[in-house]
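What follows is a set of notes on a single structure, which appears directly below.
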Amino acid sequence: MTHHPTAGAGTPDPVGGDLRTNYERMLAGELYRADDPRIMAEQAEAVALTEALNATPSADRTGRDDLLRRLLGSLGDGAVVRTPFHCDFGTHVAIGDRTFVNVGLVALDVAPITIGADCQLGPNVQLLTPIHPLDAELRRGGWERASPVTLGDNVWLGGGVIVLPGVTVGDDTVVGAGAVVSRDLPAGVLAVGNPARVVRDL
């Protein structure tokens with residue numbers, strides 16, 4: 001869940017003169033502060049839905065799918081999301097047909113997260129879109145931005161894989177367990193390690 005810091009006196013304002021709301025800047029992938037009322041309201045709704053989802057027995061597939069469709073931007077036919085599941089908004093997550101998401105997915109969807117069809121996500125995968133500034137004063141002031149994460153069709157992420165902001169993983173690519181994907185990966189390759197490196201074509 002995105003932290004909502006309170007700006008201290010004298011912290012810089014990098015968007016001076018910009019009349020857009022923080023929510024609008026967030027959607028544009030630009031610097032914003034997470035204490036925007038609309039951001040906080042939408043995240044509170046996501047928390048309520050994820051808590052309900054995570055408390056719903058796995059045998060209640062109808063109830064779980066109903067909660068997922070209320071929470072997510074889109075859920076493909078035949079897709080399975082095992083719990084626990086965690087997100088920031090949910091509405092910025094799209095999951096394709098027949099995709100299987102194992103337990104413990106963390107989808108920090110400040111920017112869009114797109115998961116294609118027929119994907120396999122191992123346990124404890126993290127798909128991370130938020131970016132905090134390297135500048136200490138901006139970070140102290142609560143400024144952040146985000147960049148989308150995209151998984152193509154038939155991608156397999158092994159257990160514990162972390163995909164960083166702005167990364168696209170191509171169709172049919174496999175990422176080995178524990179890898180940290182910091183750059184785009186092409187279609188049809190095997191990548192492993194930290195940072196993830198392509199070791200061969202598939």
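Just so you know, all these numbers are worked out from the coordinates, no wet-lab data involved. Nothing here was measured: the structure is a model prediction, and the numbers come from that model. In this analysis, Cβ positions are derived from the backbone assuming ideal geometry, glycine residues included, and neighbour counts consider all displayed protein chains.
If you put +1 on each Lys and Arg Cβ and -1 on each Asp and Glu Cβ, how big is the dipole of the chain around its Cα centre, in Debye rounded to 20? Numbers along the way, then the final one.
Details: 16 positive and 25 negative charges, 77 e Å.
Computed charge dipole of the chain: roughly 360 debye.
If R₀ is 35 angstrom, what is the calculated FRET efficiency for the pair Ser147 and Thr62, using the beta carbon separation as r and rounding to 0.05? Each step should come with its number before you reach the end.
Values: r = 35 Å, r/R0 = 1.01.
In this case the efficiency is close to 0.50.
For a footprinting-style exposure proxy, rank Met26, Met40 by other Cβ within 10 Å, fewest first.
Lowest to highest Cβ neighbour count: Met40, Met26.
Run the helix sum for the chain: -39,500 (n - 2.57) per DSSP H stretch of 4+ residues, divided by residue count, reported at 222 nm to the nearest 500 deg cm²/dmol.
After summing the helix terms and dividing by residue count, I get -6000 deg cm²/dmol.
Can you tell me, using C-alpha contacts under 8 Å and at least 6 residues apart, the relative contact order of the chain as a whole percent?
Relative contact order comes out at 15 percent.
Counting alpha carbon pairs within less than 8 Å and at least 6 residues apart, what relative contact order, in whole percent, applies to the range 32-105?
Answer for the range 32-105 is 30 percent.
What does the extension gain come out to for Arg69 and Phe100, with contour length at 0.36 nm per residue minus their alpha carbon separation?
9.6 nm
In the neighborhood of Gly78, defined by Cβ-to-Cβ distances under 11 Å, what is the net charge if each Lys or Arg adds +1 and each Asp or Glu adds -1?
Here the count lands on -3.
Want the number for Val80 to Glu24: 0.36 nm per residue separation, take away the alpha-carbon distance, what's left?
17.0 nm
Quick check: pseudo-label points 7 Å beyond the Cα along Cα→Cβ at Asp184 and Arg139, how many nm apart are they?
2.8 nm
Compute the acute angle (0 to 90°) between the alpha-carbon long axis of helix 61-71 and the principal axis of greatest extent of the alpha-carbon atoms of the chain; round to the nearest 10°.
In the chain, helix 61-71 runs at an angle near 30 degrees to the longest axis.
Calculate how steeply helix 37-55 sits against the longest principal axis of the alpha-carbon atoms of the chain, using the helix alpha-carbon long axis, and give the answer as 0 to 90 degrees to the nearest 10.
30 degrees
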